[in-house]
Amino acid sequence: MTTDSNSFPDPGLRTRLLRAGRNPAYTGGSAVNPPLVRASTVTFDNTQHQREMRAARGHDRVFSYGARGTPTTFALEDAVSELEGAYRTRLLPTGLAAIGMTLLSYLQPGDHVLLTDSAYQPVRHLSQQFLQPYGIEYSFFAADGSDLQAKLRPNTRMVYAECPGSLVYEMCDLPALAAVAHAHGALVVADNTWGSGCQYRPLALGADVSVMAATKYLSGHSDVMMGTVATTRAAWEALAARCDAFGMTVSPDDAWLVLRGMRSLAARLQMHEAHALQVAHWLQSQAAVRTVFCPALASHPGHALWLRDCQGTNGLLSIELLPGTSSAAVDRFIDGLQLFGLGASWGGYESLVTAAHMDQARSVTDWSARGPVVRLHIGLEDPSDLIADLAQALENLRPVES
Ligand SMILES: *Cc1c(COP(=O)(O)O)cnc(C)c1O
């Protein structure tokens, strides 16, 4: 509201305290990073302005209420759209929330979704917890996409891929998969957390929607949770409408941190890749290690597709130990590592290790005959230190003399 200062008495101190310093004026240059804007209430110049903004926010990005985003979350949305080659992006509180919101935005009771066998494991739990009770059918297709055509049902409305896949990095031919799905009238969603926009770009390869756990490489410092959903123009409205209906937003402080993390994303990934390859080649020469999983290795089944579709690899490596290695020996190996934190979420600057239970993580591929799998995240430490640490911990795999 505008006030006529001539007819309005000077406000008292309590009132002035509430009004002072809210729009600081200054001369000088600009900060490199955008300002952090926190908001719930947004005020307007007058009733007409408020009406116009309310009318516009259904289709345009308008700063109208904290739940609809703030200039800080808009800045991160724009950066992610640039990274993903997307029309626009929505931010969600976690990567898993981004996946859940994506399923919720494009599927209805009576629909069927085909999920990749290599999906991030909690997606299986989410499907059981939410899809099934809400009358949405789901089933799994092979991680390489080879059985996709045969598994389509008349009501298949979505094909959900993750490439490279969780834990052992299976590759699928996303353009071919998208052609099959689109011919059937199904939407293609890809979990792009592995590629993080730098190493893989699903939207350019035919996906309609790309989801990332920004918790991982985008934030890059293991101290913030965030998910992103980036879409083509055609897929945008359904997602935006659902996110608005559910009041989905993220803290501007978290958005600011992720945006800061993204400035060094490409540089960090380059270093993660170089270190991981050095460690991978060393691991390949170890007798206790049967397989090293990394799509950048020529021995990986998805290597040709990786060469064609990816711009690089990241810090993730998994190893299959010799079949018959006891779970006690695997524990001794993991517990013996000094420089690797024991933890599941990756993408920070530090090295991590965790056991991967492939029998629980796959339903199409049978892993029962294979050795135990351990996942490593190779961080920015000196790779020769990491190799020395792995060398001493691998000694723990030898049977204990009694
Ligand atoms: C970690 C991860 C997620 C989930 O992200 P959160 O932020 O931990 O919820 C989703 N997909 C993949 C591939 C992941 O690795």
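Checking the stated criteria, Arg153 turns out to be away from the ligand (no atom under 16 Å from the Cβ) and either of a type outside the set (Asp, Glu) or in contact with a Leu (Cβ under 9 Å, 6 or more places away or on another chain) (or both). Quick check on Arg268: is it open to solvent by 10 Å² or more (accessible area, probe 1.4 Å), in a helix (DSSP H, G or I) and more than 21 Å from Pro93 (Cβ to Cβ)? For Arg268, the condition - open to solvent by 10 Å² or more (accessible area, probe 1.4 Å), in a helix (DSSP H, G or I) and more than 21 Å from Pro93 (Cβ to Cβ) - is met.
Matching residues to (1) touching a His at 6+ places or on another chain (Cβ under 6 Å); (2) surrounded by 23 or more Cβ atoms within 10 Å (Cβ to Cβ):
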{"residue": "Leu126", "(1), (2)": "no, no"}
{"residue": "Ile136", "(1), (2)": "no, no"}
{"residue": "Leu152", "(1), (2)": "yes, no"}
{"residue": "Ala179", "(1), (2)": "no, no"}
{"residue": "Ala190", "(1), (2)": "no, yes"}
{"residue": "Gly195", "(1), (2)": "no, yes"}
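Of all residue pairs spaced 6 or more apart or on separate chains, those with beta-carbon atoms under 7 Å, a first member in segment 239-252 that is basic (Lys, Arg) and a second member that is open to solvent by 40 Å² or more (accessible area, probe 1.4 Å) are Arg242/Leu104.
Filter segment 67-83 for residues that are part of a loop (DSSP other than H, G, I, E, B) and not β-branched (Val, Ile, Thr) and give the result.
Gly69
Quick check on Asp147: is it in contact (Cβ under 8 Å) with a residue 40 or more places away in the chain, assigned by TED's automatic domain parsing to the domain that holds Met248 and in contact with a Lys or Arg (Cβ under 6 Å, 6 or more places away or on another chain)? No. The residue of segment 348-367 that is farthest from Asp382 (Cα to Cα), among those that are in contact (Cβ under 8 Å) with a residue 40 or more places away in the chain and hydrophobic (A, V, I, L, M, F, W, C), is Val364. For segment 134-150, filtered to residues that are part of a helix (DSSP H, G or I) and among the hydrophobic types (A, V, I, L, M, F, W, C), the residue that is farthest from the ligand (Cβ to nearest atom) is Ala150. Taken together, Ala230, Ala161, Ala213 contain a single residue that is on the phi < 0 side of the Ramachandran plot and near the ligand (Cβ under 10 Å from one of its atoms), which is Ala213.
In the set Pro34, Pro24, only one residue is outside the structural domain of Ala235 (by TED's automatic domain parsing) and either in contact (Cβ under 8 Å) with a residue 40 or more places away in the chain or among the acidic types (Asp, Glu) (or both); that residue is Pro34. Of all residue pairs spaced 6 or more apart or on separate chains, those with beta-carbon atoms under 9 Å, a first member in segment 55-72 that is on the phi > 0 side of the Ramachandran plot and a second member that is open to solvent by less than 10 Å² (accessible area, probe 1.4 Å) are Gly69/Leu91; Gly69/Ala255. Every condition in (1) farther than 21 Å from Tyr349 by Cβ; (2) part of a loop (DSSP other than H, G, I, E, B) holds for Ala181 except the one numbered (2).
Examine segment 271-291 for a residue that is more than 23 Å from Asp173 (Cβ to Cβ), part of a helix (DSSP H, G or I), of a type outside the set (D, E, K, R) and under 18 Å from the mean Cα position of the chain (by Cα), and state whether such a residue exists.
Yes - at least one qualifying residue is present in segment 271-291.
Considering only residues of segment 164-173 that are within 11 Å of the ligand (Cβ to nearest atom) and open to solvent by 10 Å² or more (accessible area, probe 1.4 Å), which is nearest to Tyr200 (Cα to Cα)? It comes out as Ser166. Restricting attention to segment 274-291, the residues that are open to solvent by less than 40 Å² (accessible area, probe 1.4 Å) and either within 20 Å of Leu380 (Cα to Cα) or of a type in the set (Lys, Arg) (or both) add up to 5.
May I ask you to list the residues in segment 204-246 that are part of a loop (DSSP other than H, G, I, E, B), open to solvent by less than 30 Å² (accessible area, probe 1.4 Å) and within 15 Å of Pro93 (Cβ to Cβ)? Passing the criteria: Ala214, Thr215, Lys216, Leu218, Ser219, Val224, Met226.
One line per residue, one yes/no per condition, for (1) free of Cβ contacts under 8 Å to residues at least 40 places away in the same chain; (2) closer than 30 Å to Gly100 by Cβ; (3) not assigned by TED's automatic domain parsing to the domain that holds Leu380:
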{"site": "Thr232", "(1), (2), (3)": "no, yes, yes"}
{"site": "Leu269", "(1), (2), (3)": "no, yes, no"}
{"site": "His272", "(1), (2), (3)": "no, yes, no"}
{"site": "Gln284", "(1), (2), (3)": "yes, no, no"}
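Figure legend. Inter-residue proximity from segment 84-109: first residues assigned to a helix (DSSP H, G or I), second residues among the polar types (S, T, N, Q) and within 16 Å of the ligand (Cβ to nearest atom), beta-carbon distance below 7 Å, spacing 6+ or different chains. Indicated pairs: Glu84/Ser210; Gly95/Thr193; Gly95/Thr215; Ala98/Thr228.
The values are calculated or read from the model by the stated rules, or taken from the named source; none is laboratory data. Because the structure is predicted, anything quoted here is derived from the model rather than measured. FYI the Cβ positions are ideal-geometry reconstructions off the backbone, even for glycines, and counts take in every protein chain you see. For the accessible areas, the whole protein counts, side chains as well, though only heavy atoms, and no ligand, DNA or RNA atoms are used. Shrake-Rupley method; radii C 1.70, N 1.55, O 1.52, S 1.80 Å.
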